[in-house]
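Reviewing the structure listed below.
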Amino acid sequence: MEANLFTFRGLFGVPVEVRQSAGLLFLMMATFSVMRGGGIFFTVVIFGMLFLSVYLHELGHAWGCRVQGVPVRRIVISAGGGFCEHQRSTNRQDELIVAMGPIVNLALWAICGLAVQGLYRLGLASPSWVPMAMTLLPWLSFAAMLNLFLFFYNMVPVQPLDGGKLLQSGLRRLLPAGQAMRVTGAIGVVFCVLWFPGLIWVFFTTGWLLFFIPSLALHLAMMRGAWR
């Protein structure tokens, strides 16, 4: 099990554990930034946006638990993302719990997008605001795109991403639990096969390297009905 880099008590009183791989990710980002002639400040801001977006995503899951009376044990953040650990919940409760993570990222995208438009109009209306607008607009635009990316990334229908969980929960409304699991596993197998070409495409088009690979063995077991 990966060791913690540090821990703290976050919002709603939920303990947050930051794993060592998150620190390694920061060092890698800083190294690439320096190699490309960038500065540490740029890396700190980008990493801070990523960390905050992932944390708020997981906090959305925690909120979904709290409003339904499901106790939350902890939030864990690592280089591969994060997860919200909570006590056992029903399928109906899981639907809200799981959906709240992507919803938070979508809301952050909308808020940052509205802030970008507001600053742009403010800069046009008052020249004195132009320097501040020119400073903040690139960062707000990046934060908006980052959260939109996290939304679509988490909605990919593979386990344990939110998209895979929501797919299985939705299918369980229409099909017996075993059949829903097999269909979810079959869809997951297709996306597992496409994952590596997708990783390469994301890296060469955006420069981002994803530290998560879905388990083909898990989805094959689900498809065969051999996973519980």
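Here, each number is a calculation from the coordinates, and none is a lab measurement. Quick caveat: nothing in here was measured; it's all calculated off a predicted structure. Cβ atoms come from the backbone with ideal geometry, glycine included; neighbour counts cover every protein chain shown.
Apply 1/(1 + (r/R0)^6) to the Cβ-Cβ distance of F42 and F83, taking R0 = 25 Å, and write down the FRET efficiency to the nearest 0.05.
Efficiency computed from Cβ-Cβ geometry: 0.30.
How would you rank 59-71, 28-40, highest first, on the average number of other Cβ atoms within 10 Å across their residues?
Ranking the peptides 59-71, 28-40 by packing returns 59-71, 28-40.
Taking amide H atoms as placed 1.01 Å from N in the peptide plane, list the residues 5 or more away in sequence, or in a different chain, whose amide H sits under 5 Å from that of R74.
Excluding prolines and chain starts, which carry no amide H, the hits are E85.
Extension gain V130-W201, at 0.36 nm per residue separation less the Cα-Cα distance, in nm?
Gain on extension, V130 to W201, equals 21.9 nm.
Per 10 Å bin, what is the whole-percent P(r) computed from every C-alpha pair distance within region 156-228?
22, 47, 22, 9, 0
Neighbouring Cβ atoms within 10 Å as the yardstick, rank E2, E85 fewest first.
Arranged by neighbour count, lowest to highest, E2, E85 become E2, E85.
Tell me, how many Å apart are the Cα centres for region 160-207 and for region 79-104?
Taking the Cα centre of each part, region 160-207 and region 79-104 sit 16 Å apart.
Distance in nm between label sites at Q20 and R66, each 7 Å beyond Cα in the beta-carbon direction?
3.2
Considering only L216, P131, W109, whose Cα is most displaced toward the positive end of the charge dipole of region 72-228, charges sitting on Cβ of Lys, Arg (+1) and Asp, Glu (-1)?
Farthest towards the positive pole: L216.
Let's test the formula: R0 of 22 Å, r as the Cβ-Cβ distance of F149 and S215. What FRET efficiency results, to the nearest 0.05?
0.50
Report the Cα-based extents of the chain along its three principal axes, largest first, to the nearest Å.
That works out to 63, 39, 34 Å along the principal axes.
Between R74 and V190, what is 0.36 nm times their sequence separation minus the Cα-Cα distance? Round to one decimal in nm.
Gain in length upon complete extension: 38.6 nm.
So how strong a dipole does the chain carry about its Cα centre when Lys and Arg Cβ are +1 and Asp and Glu Cβ are -1, to the nearest 20 debye?
Once rounded to the nearest 20, the dipole reads 480 debye.
If you wrap a convex hull around the alpha carbons of region 128-168, what volume per residue comes out, as a whole number of Å³?
48
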